[in-house]
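Please treat every number below as a calculation from the coordinates, not as lab data. Nothing here was measured: the structure is a model prediction, and the numbers come from that model. Heads up, the Cβs are rebuilt from the backbone with ideal geometry, glycines too, and the neighbour counts pull from every protein chain shown.
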Amino acid sequence: MSETEIALATLSPDECRALLVTHRPRLGRLAFVADDWPLVLPVNFAVDGDAVYFRSAAGSKVAAAARCERVAFQVDHVDEVWEEGWSLLALGRLHVVDEPAELARVRRLPLRPWAGGDRPYFLRLDVVSVSGRRIAWP
């Protein structure tokens, strides 16, 4: 097969949401501006409805959430053997979860940080748009 036979397809919003829910490991990248510079950090995540949740220690993510910053969240999958994969981008505003009923619900989600240390803050990304692409051999 030649390079021209590789197919690049746009994923529908529903396909993107399905990938967010089913993708393992639940690892993505949260992008936002901190101290006037772009910052992209790896994060574990869980999805509930149209929201994506993260846990965090105090720091730049919590500060961005406290300001309800506009952020980007990116997740991808790469098959290195077949040189195929997909990537999706969710845009929205980041919030600190502080309402007791929502906190109780979020604590039951499969949201376990890989990094050590205390992660007492729960953050919610209210997704306003999601887009993605898949690259694969036909």
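Can you give the convex hull volume of the alpha carbon atoms of the chain per residue, in Å³?
123 Å³
Restrict the search to the range 20-91; then list the GluC sites (Glu not before Pro) that DSSP places in a loop and that have at most 12 other Cβ atoms within 10 Å of their Cβ.
Loop-located and lightly packed - 80, 83.
Between the helical axis of 13-22 and the dominant principal axis of the chain, each derived from Cα atoms, what acute angle in degrees is found, rounded to the nearest 10?
Roughly 70 degrees between the two axes.
Sort 16, 68 so the one with the fewest other Cβ atoms within 10 Å of its own Cβ comes first.
68, 16
Exactly which trypsin sites (Lys or Arg not before Pro) in the range 71-129 are in a DSSP loop and have at most 10 other Cβ atoms within 10 Å?
108
Quickly work out the residue 93-to-residue 39 label distance, labels modelled 7 Å from Cα along the C-beta direction, and quote it in nm with one decimal.
A separation of 2.0 nm, rounded to one decimal place.
At 7 Å along the Cα-to-beta-carbon direction for both residue 10 and residue 60, put a label point, then send me their distance in nm to one decimal.
The modelled label-to-label distance comes out at 3.2 nm.
Pick from 78, 33, 62: which residue has the top mean-square fluctuation in a GNM of the chain where Cα pairs under 10 Å get a spring?
Of 78, 33, 62, the Gaussian network model singles out 78 as fluctuating most.
Given R₀ = 35 Å, FRET efficiency for residue 67-residue 18 by Cβ-Cβ distance, to 0.05?
Once the sixth-power term is evaluated, E becomes 0.70.
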